[in-house]
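Everything below concerns the one structure shown next.
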Amino acid sequence: MRKALTGQGASRGTVLGRARVRLPHALQIAEQHLLPEEAPAELARLHRAIDAVRAEMHVLRARLHGALAQEVGEFLDLHALLLDDPELLHGLDELVRVRHFTADYALRVQRDRLAGVFEAMDDPYFRSRVEDIDQVIGRVHAALHRRECELRGFAGEILVTESVAPAEMAQLQAQGVVGLVTTGGSPLGHTAILARSLHMPLVVDCQGALDLTNDGDALIVDGGSGRVVIEPNADDLREHQARERGHVRERRQLARLRREPTRTLDGVDIRLFANAESQDDVSEAHALGAAGVGLYRTEFLFLQRSELPDEDEQFRAYRDVVMGMNGQPVTIRTLDVGADKTDRTGLTLRDEPNPALGLRGVRLSLMRRGLFETQLRAVLRASAYGRVRLLVPMVTCGEEVVAVRREVARVAAQLRAEGLPLGDDVPLGVMIEVPAAALALPAFIREVDFLSVGTNDLVQYLLAVDRNHEGLGRLYTPLHPAVIRVLRDTIRLAQRHACPIAVCGEMAAAPEYAPLLLALGLTDFSLHPGTMLEVRQRIRDCDFAALQAKRSALLRARDREAIERWLAGVGA
Ligand code: PEP
Ligand code: MG
């Protein structure tokens, strides 16, 4: 039966596909018992599901190729090992055979037992294995409720689930998933950022999706409007096809702007840099005429694996990007794991009460000197191959900048002493994403060579609204007078000191905010290539001088509604 749901659109594109429901990892299954005579059939059912998952993982493993094969393959191998773990299998058998638990409840009991053992370990690496146990148990549980013929890969399917970790995104795409619907999540989380980078339609915060969707249902997902239709009717299908044709037309029109300058109506040139996480992003950035890479998030090299990338692996990855941009600057940001970018390497602390306020960004780098030195060596070695800029995340004060600069100088001297080539000049910049850094900037702006404003975190910390909190949706907005004021002050201060400044948060990627950022005097934007042409189009429709003249009205706006009225007034 047709059902329509609405969530928040988080990655544009409309897609029609077959639903694959993944139930939450932490199984909420009440205690259920069988009659003794039912136990043998239940045990057989459980074993069929385990065999099916084993086969499913085998097929997935065989289907992987290219760069993902190693990365994702290791992860699948680990799951295969866990699935064959005698402790897990004997425990399950016993629970069904002797205690007459249903297979579902036995899975839950066994999951809790194993998770308890791992969670009690001191080593953070082993504690992080709980996630893998949850995924394996989750797969078996899903298989228990699926018909046999449906046990296959994800090709052409839309995954409906509670949440997707950023680290899972590449794997899902490699498996052929064409769209995602999550009941949790937010358009500003890293999963959404990655979905946009992978051009995967995503609707987040879609309440009821898990209860109302069944495996195999036809689904239409519109990642722009946030609409999800289960078992669409003829009208829905027609509408979907029309929207798809509209997207193709729009893309064709925008494609004409590939080689056009990003110039306002009154002739001011604006530079669009790319936020690039993969070689594909780099190629796309190049093809779209990006002015360089404004943000390369190195943490994505550290996710989805259990050991840290060594210096050579990092060096090759950074050098590939640098060479890929062919002489244009590449801004490599030092590691920012933590908060929602949790890793499997044991670097981040799993039990931090407030991870967004915890050990992340430059704090972690300065605390783990060996880790930082390895990364700096790799970045500086890559600087021999083109123009590299080093960007430091989560800075709060000048002392951190001084400490990083000292470390960079030490590592550069070390490399020179070893006779390794490196670039002559690697500018050092900081992210302005913590309010303290914005407020203290006059005291340390002379220590930095450039600035990049991370509005994703800046908004979160200024407004005390978690960027990933689905329940706070509308409260998380850059359209707040405090945000506008901090942006204005930061841009003005940078310009007074002739210090290059860009905005690299998602605000710069939203075409509707372009007039506002131009009005504040911004001329450098850094955004994912996926929306670069739309932003270019919007900027080409703006008159820079006219927007400057409207700046004081923007700064006088007292609340979100007034800022929205200002935006509407300038045609956004
Ligand atoms: C930001 O905070 O705006 C930013 C660009 O960094 P990230 O999204 O990686 O935290
Ligand atoms: Mg940030």
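Overview of values
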{"quantity": "His528, His90, ranked by accessible area, largest first (probe 1.4 Å)", "calculated": "His90, His528"}
{"quantity": "Å² per residue, accessible surface of the chain at 1.4 Å", "calculated": "42 Å²"}
{"quantity": "Amide H partners (placed H, <5 Å) of His528, local residues excluded", "calculated": "Asn275"}
{"quantity": "Cβ charges +1 (Lys, Arg) and -1 (Asp, Glu), total dipole of the chain, debye", "calculated": "2240 debye"}
{"quantity": "Segment Glu94-Leu357, extension gain: residue separation times 0.36 nm, minus the distance between their alpha carbons", "calculated": "90.3 nm"}
{"quantity": "Gyration tensor over alpha-carbon atoms, segment 273-323, equivalent ellipsoid semi-axes in Å", "calculated": "22, 11, 8"}
{"quantity": "Phi to ³J(HN,Hα) by Karplus 6.51 cos²θ - 1.76 cosθ + 1.60 over segment 4-14, Hz, x for Gly, Pro", "calculated": "10, 10, 10, x, 9, x, 10, 8, 5, x, 10"}
{"quantity": "Average Cα contact separation per residue, segment 256-569, under 8 Å, 6 or more apart, as relative contact order %", "calculated": "19 percent"}
{"quantity": "Approximate spin-label separation Asp310-Leu472, in nm, with each point projected 7 Å along Cα-to-Cβ", "calculated": "4.2 nm"}
{"quantity": "Folded to 0 to 90 degrees: helix 86-97 orientation relative to the chain principal axis, Cα", "calculated": "50 degrees"}
{"quantity": "Considering only the chain, percent of DSSP beta bridges that pair antiparallel, nearest 5", "calculated": "35 percent"}
{"quantity": "Segment 195-238, Rg to Rh (Cα coordinates; Rh as Kirkwood inverse mean 1/r)", "calculated": "0.98"}
{"quantity": "Virtual paramagnetic centre 7 Å along Cα→Cβ of Arg18, amide N under 15 Å, in segment 157-173", "calculated": "157-160"}
{"quantity": "Cα-derived Rg over Rh, computed across segment 256-569 with Rh taken as Kirkwood radius", "calculated": "0.96"}
{"quantity": "Gyration tensor over alpha-carbon atoms, the chain, equivalent ellipsoid semi-axes in Å", "calculated": "43, 30, 21"}
{"quantity": "Distant alpha-carbon pairs in segment 347-410 (separation over 14 angstrom), percent", "calculated": "61 percent"}
{"quantity": "Simple Cβ-charge dipole of segment 87-146, Lys/Arg +1 and Asp/Glu -1, about Cα centre, in debye nearest 20", "calculated": "320 debye"}
{"quantity": "Chain lengthening between Ala44 and Ala443 when straightened (0.36 nm per residue, less Cα-Cα)", "calculated": "136.7 nm"}
{"quantity": "Trypsin sites (Lys or Arg not before Pro), loop per DSSP, at most 10 other Cβ atoms within 10 Å - longest free stretch of the chain", "calculated": "260-557"}
{"quantity": "Nearest 10 degrees, 0 to 90: helix 481-496 Cα axis against the chain principal axis", "calculated": "50 degrees"}
{"quantity": "Accessible carbon and sulfur surface of the chain relative to its total accessible area, %, 1.4 Å", "calculated": "52 percent"}
{"quantity": "Normalised contact order of the chain, rounded percent, pairs of Cα under 8 Å and 6 or more residues apart", "calculated": "15 percent"}
{"quantity": "Selection from Ala52, Ser526, Val96, by position along the positive dipole direction of the chain (Cβ)", "calculated": "Ser526"}
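The values are calculated or read from the model by the stated rules, or taken from the named source; none is laboratory data. Worth saying up front: this structure is predicted, and the values here are computed from it rather than measured. No Cβ is skipped: glycine too gets one built from the backbone with ideal geometry, and neighbour counts run over all protein chains shown. Calculation scope for accessible area: heavy atoms of the full protein, side chains included, ligands and nucleic acids excluded. Shrake-Rupley method; radii C 1.70, N 1.55, O 1.52, S 1.80 Å.
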